[in-house]
Amino acid sequence: MNKYEKAVEAMSRNGHTAYVVEEPVYDNGYNVETQFQVWLESWSANLETTHEFRLHENDIDEWAEIYDLYKLADVSDNNEQQNEQ
């Protein structure tokens, strides 16, 4: 799982709607790489509509770290439950 997928998973655990977008980068007609982006849907009560925002790379890194913390907590919880049995 890459950091973009981790960020989306962590955000969904917090009740946010986010998704990964893959964007091919071309050079002289050849696909040289794929750039990943994370977009977040945000509800605007004032406008009564949903907006989409592209997350900055720093925000993606932070959410990926939060995902890792969730995974550590999940493993810790599972170990405690097994020890209680």
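For the stretch 52-80, which residues satisfy the criterion of being under 23 Å from Trp39 (Cβ atoms) and of a type in the set (Ser, Thr, Tyr)? Tyr67, Tyr70 - these are the residues of the stretch 52-80 that are under 23 Å from Trp39 (Cβ atoms) and of a type in the set (Ser, Thr, Tyr). Look at the stretch 70-81: where a residue is within 19 Å of Glu9 (Cα to Cα) and in a helix (DSSP H, G or I) and a partner is open to solvent by less than 80 Å² (accessible area, probe 1.4 Å) and modelled with pLDDT of 75 or more, sitting 6+ places away or on another chain with Cβ atoms under 9 Å, you get Tyr70/Glu9; Tyr70/Ala10; Lys71/Lys6. Take the residues in the stretch 11-51 that are touching a His at 6+ places or on another chain (Cβ under 9 Å) and modelled with pLDDT of 85 or more; name whichever of them is surrounded by the fewest Cβ atoms within 10 Å (Cβ to Cβ). Filtering the stretch 11-51 for residues that are touching a His at 6+ places or on another chain (Cβ under 9 Å) and modelled with pLDDT of 85 or more, the one surrounded by the fewest Cβ atoms within 10 Å (Cβ to Cβ) comes out as Glu41. Restricting attention to the stretch 1-40, the residues that are among the charged types (D, E, K, R) and in contact with a Phe, Trp or Tyr (Cβ under 8 Å, 6 or more places away or on another chain) add up to 5.
Taking the stretch 55-69 as the region of interest, how many residues are farther than 17 Å from Ser12 by Cβ and open to solvent by 80 Å² or more (accessible area, probe 1.4 Å)? Number satisfying all stated conditions: 2. Looking only at the stretch 4-32, residues that are outside any loop (DSSP other than H, G, I, E, B) and free of Cβ contacts under 8 Å to residues at least 12 places away in the same chain come to 8 in all.
The values are calculated or read from the model by the stated rules, or taken from the named source; none is laboratory data. What you see is a predicted model, and the numbers here were worked out from it, not measured in a lab. Positions of Cβ are backbone-derived with ideal geometry, glycine not excepted, and every protein chain shown enters the neighbour counts. Note: areas computed on protein heavy atoms with side chains; ligands, DNA, RNA excluded. Shrake-Rupley method; radii C 1.70, N 1.55, O 1.52, S 1.80 Å.
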